[in-house]
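The values are calculated or read from the model by the stated rules, or taken from the named source; none is laboratory data. Owing to the predicted nature of the structure, the values given are computational and were not obtained by experimental measurement. Using ideal geometry, Cβ is built from the backbone for each residue, glycine included, and neighbour counts are taken over all protein chains shown.
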């Protein structure tokens, strides 16, 4: 590939240079499979920012060949399509074989901005489809396309989305929907469940092969350490602790934190029944399928820790148990460090003080008691007037218990005074960490309905532009920052979402 051209985003489709390092692993790691043709494909959405990561000229999306290529109907030279196999704990129960049931890895593109695996989600059946049709639907594809890019703009590590290709082919879920293929990108799609597969089969040589592959390709700085595999575990623990702290800070609920949905790189992957919490609730469950609340908002740090135990157990042939347990024992402290720093910033506190943890807990209790809108509260908090104490009407209006708000407000005012915080200086700092716009479920649903019912994809593009600058005031877009309207109260997302 011409690097200079890649930097300018001027590479044509046929000039993209594909490789597939994962495909050079032993055959037990995957099955080579061809995508299932999608009838009469058409382009629904295209992301120029993701195209820039692989150096692709955005004008290429206008070509009829683009939809054919990125639904799997036409393979470019260098494509090496395969479906990876892995296992996983699903809702706490170990399933010995899962795998890419509807995702097909085409290969990697190496450019000036790194190496990116390009994967088609919804491209047809694989040996791991488990009685499924291997298809994705337009609804779920739009949700992942929008959310992965929204998360990136919020600064949360995530897979990226290049395009959605649609078709009128019917797909049966709870109802009959139309098929779609999402092209997503990541440096790697290896997950905790990839290690669990070979551990459960007692293929310890493959566990080491996979660890060596991940280290060599994604953590090369660990290769010269005394125990590279143990350091890999530690690095995954660090990244996961930071990731989940970021989820909590923006009010994001993943919905299905199975070990097969947890990245070895600390990325947010496999967007399904996710949701940005609106009314604050420690026990908020975004996944309608999660009857027991295993993956509720308040449970996410604990589940992440549990998933990391599963990874350590799968990797045990590669190191001693005692140092692995020590590494796992650091998770809570790492999470708390990240979480405390992020939440202090959301509160506008410039320096750490001893009682900050109690202040944060009491702030969240205040929100929980009123089910106050999480995003809206922290955004309005940036306008807190420290000279008028309990007044602050726009903020107070979010809290049902006026006396509780007055007591909390005075306590917060005194805390700001303790570090001589200046309102006018604090606000821009808070606005840089407290988003005005997040992908509320009703916003995604509006875009989905327009696309599905009217073939109007304008709302997808409008949301992409809006959510690419979530912290900025954007003229004429105030309605997108408001809580969900009444009609959205019945919206529910499940594992089929």
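Quick one: in the stretch 219-235, which of the residues that are touching a helix residue (DSSP H, G or I) at 6+ places or on another chain (Cβ under 8 Å) and more than 22 Å from residue 114 (Cβ to Cβ) is surrounded by the most Cβ atoms within 10 Å (Cβ to Cβ)?
Among those that are touching a helix residue (DSSP H, G or I) at 6+ places or on another chain (Cβ under 8 Å) and more than 22 Å from residue 114 (Cβ to Cβ), it is 233.
Considering each residue of the stretch 447-486, count those that are within 25 Å of residue 293 (Cα to Cα), in contact (Cβ under 8 Å) with a residue 12 or more places away in the chain and not in a loop (DSSP other than H, G, I, E, B), and give that number.
0
Can you find, within the stretch 375-395, the residue that is modelled with the lowest pLDDT among those that are assigned to a helix (DSSP H, G or I) and surrounded by 15 or more Cβ atoms within 10 Å (Cβ to Cβ)?
For the stretch 375-395, the residue satisfying everything is 395.
Can we say residue 304 is modelled with pLDDT of 95 or more, more than 17 Å from the chain's Cα centre (by Cα), part of a helix (DSSP H, G or I) and surrounded by 18 or more Cβ atoms within 10 Å (Cβ to Cβ)?
Spelling it out, it is not the case that residue 304 is modelled with pLDDT of 95 or more, more than 17 Å from the chain's Cα centre (by Cα), part of a helix (DSSP H, G or I) and surrounded by 18 or more Cβ atoms within 10 Å (Cβ to Cβ).
Output the residues belonging to the stretch 202-216 that are assigned to a loop (DSSP other than H, G, I, E, B) and in contact (Cβ under 8 Å) with a residue 40 or more places away in the chain.
203, the sole residue that qualifies.
Among the candidates 127, 96, which residue alone is modelled with pLDDT of 95 or more, touching a helix residue (DSSP H, G or I) at 6+ places or on another chain (Cβ under 7 Å), farther than 30 Å from residue 470 by Cβ and surrounded by fewer than 18 Cβ atoms within 10 Å (Cβ to Cβ)?
Criteria check complete, one pass: 96.
Out of the stretch 307-358, which residues are touching a helix residue (DSSP H, G or I) at 6+ places or on another chain (Cβ under 6 Å), under 26 Å from residue 433 (Cα atoms) and not in a helix (DSSP H, G or I)?
Within the stretch 307-358, just 348 meets the criteria.
Of everything in the stretch 236-257, what is surrounded by fewer than 21 Cβ atoms within 10 Å (Cβ to Cβ) and within 20 Å of residue 214 (Cα to Cα)? Give them in sequence order.
Matches in the stretch 236-257: 238, 239, 242.
For the stretch 410-427, enumerate the residues that are free of Cβ contacts under 8 Å to residues at least 24 places away in the same chain and either surrounded by 16 or more Cβ atoms within 10 Å (Cβ to Cβ) or within 27 Å of residue 247 (Cα to Cα) (or both).
425
Being under 19 Å from residue 187 (Cβ atoms) and assigned to a loop (DSSP other than H, G, I, E, B) is the filter here; which residues of the stretch 109-151 pass it?
If the condition is that a residue be under 19 Å from residue 187 (Cβ atoms) and assigned to a loop (DSSP other than H, G, I, E, B), then 112, 113 are the ones that fit.
Output the number of the condition that residue 155 fails; it satisfies all remaining conditions of (1) in contact with a strand residue (DSSP E or B) (Cβ under 9 Å, 6 or more places away or on another chain); (2) surrounded by fewer than 18 Cβ atoms within 10 Å (Cβ to Cβ).
(1)
Of the residues 165, 156, which is modelled with pLDDT of 95 or more, touching a helix residue (DSSP H, G or I) at 6+ places or on another chain (Cβ under 8 Å) and part of a loop (DSSP other than H, G, I, E, B)?
On inspection, the qualifying residue turns out to be 156.
For residue 150, state whether it is in the same structural domain as residue 62 (by TED's automatic domain parsing), without any contact (Cβ under 8 Å) to a residue 60 or more places away in the chain and crowded, with 22+ Cβ neighbours inside 10 Å.
no
Scan the stretch 129-139 and give yes if some residue there is within 24 Å of residue 24 (Cα to Cα) and touching a strand residue (DSSP E or B) at 6+ places or on another chain (Cβ under 8 Å), otherwise no.
no
With 65, 117, 108, 60 as the choices, which residue is closer than 30 Å to residue 465 by Cβ, surrounded by fewer than 18 Cβ atoms within 10 Å (Cβ to Cβ) and at pLDDT 95 or above?
65
Across the stretch 409-442, what is the number of residues that are under 20 Å from residue 277 (Cβ atoms) and either more than 33 Å from the chain's Cα centre (by Cα) or not in a helix (DSSP H, G or I) (or both)?
Counting residues in the stretch 409-442 that are under 20 Å from residue 277 (Cβ atoms) and either more than 33 Å from the chain's Cα centre (by Cα) or not in a helix (DSSP H, G or I) (or both) gives 8.
Does residue 208 satisfy being on the phi > 0 side of the Ramachandran plot and modelled with pLDDT of 95 or more?
So residue 208 does not fit the description; no.
As an exercise: evaluate residue 322 against (1) loosely packed, with under 15 Cβ neighbours inside 10 Å; (2) touching a residue at least 40 places away in the same chain (Cβ under 8 Å); (3) farther than 30 Å from residue 419 by Cβ and give the number of the one condition it does not meet.
All conditions are met except number (2).
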